[in-house]
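A quick write-up on the structure given underneath.
Readers should treat all values here as calculations from the given coordinates under stated rules, not as data from a laboratory. Given the structure is predicted, the values throughout are model-derived calculations rather than measurements. Ideal geometry is used to build each Cβ from the backbone, glycine not excepted, and the neighbour counts take in all protein chains shown.
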Amino acid sequence: MEKSKIPDTTIEALTRNFFKESLDYGFKYEDYLKFVNSLLEYAIRNRNNGTGKEIETISSLRNSLTTPTLPIETKNLIIRAFNKESDTKLIDTWSLDKFGRYFLLSMTSSLDGNIEKIISSNNHHFGIITLKDETPIGVVAFLNCDKTHRKAELRKLIGVPEYRALGYGKEATRYWIEYGFKKLELKKIYLNTIDTNIHNIKINEKMGFKVEGILRDEAIVDGVSRDVLRMGLVRKE
């Protein structure tokens with residue numbers, strides 16, 4: 001039998017996510033048995049129908065940013081330096097909806113999402129994502145930059161709703177990661193998220209991140225205890 005390539009930590013993350021959602025749906029013990037049997041039958045029927053696509057990583061960018069300075073021009077976007085005078089209001093506005101509310105809110109530290117306090121610290125680095133015509137549509141960031149251990153927390157947000165789900169966030173993130181490795185000389189980039197569903201995990205895995213673990217009941221969001229998923233990317237990987 002072929003050995004699974006999925007890490008145990010990833011399987012645990014997906015299991016915990018499904019279990020919590022199934023409780024809300026009303027699953028009972030016998031429902032789990034039916035689900036497992038159905039899942040196994042479906043997997044057997046479709047075991048040879050894989051796409052065979054290779055996982056995308058940022059390795060293709062290793063030699064593309066020979067001089068990693070801002071602005072960075074990608075295929076469809078530009079990542080320019082953050083301007084405190086003109087861009088603070090942008091981030092503040094983008095952080096108001098349900099997608100942006102967690103952008104500056106750390107799930108594992110005392111970072112409280114106060115934009116004025118965060119941008120005044122040298123421990124955080126921001127880049128503004130624009131279209132080729134310089135229209136701002138989002139922001140990428142490295143928060144809690146640790147110069148001693150050379151690590152930082154990755155954040156990304158497409159703030160303009162009509163530009164979401166078009167691949168812009170992924171495109172900008174790949175170049176921003178390489179900027180972090182080369183310009184900021186980071187050794188490790190990590191992310192913390194309460195979004196533990198399989199789609200979110202797969203997106204991050206395609207950029208080279210690996211599940212490192214689950215912090216159980218780590219954060220209280222809207223009065224409810226939530227798990228926090230930790231994923232990391234080490235430069236040598």
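Ranking request for peptides 15-21, 187-193, 87-93: highest mean number of other beta-carbon atoms within 10 Å first, then the rest in descending order.
Numbers: 15-21: 14.1, 187-193: 19.4, 87-93: 15.9.
Going from most to least packed, we get 187-193, 87-93, 15-21.
Can you sort Leu166, Leu186 by how many other beta carbons sit within 10 Å, fewest first?
The most exposed by this proxy come first: Leu166, Leu186.
Report Rg(Cα)/(2.2 N^0.38 Å) for region 8-234, keeping two decimals.
On the way: Rg = 19.2 Å, N = 227, 2.2 N^0.38 = 17.3 Å.
In units of the globular-protein estimate, region 8-234 measures up at 1.11.
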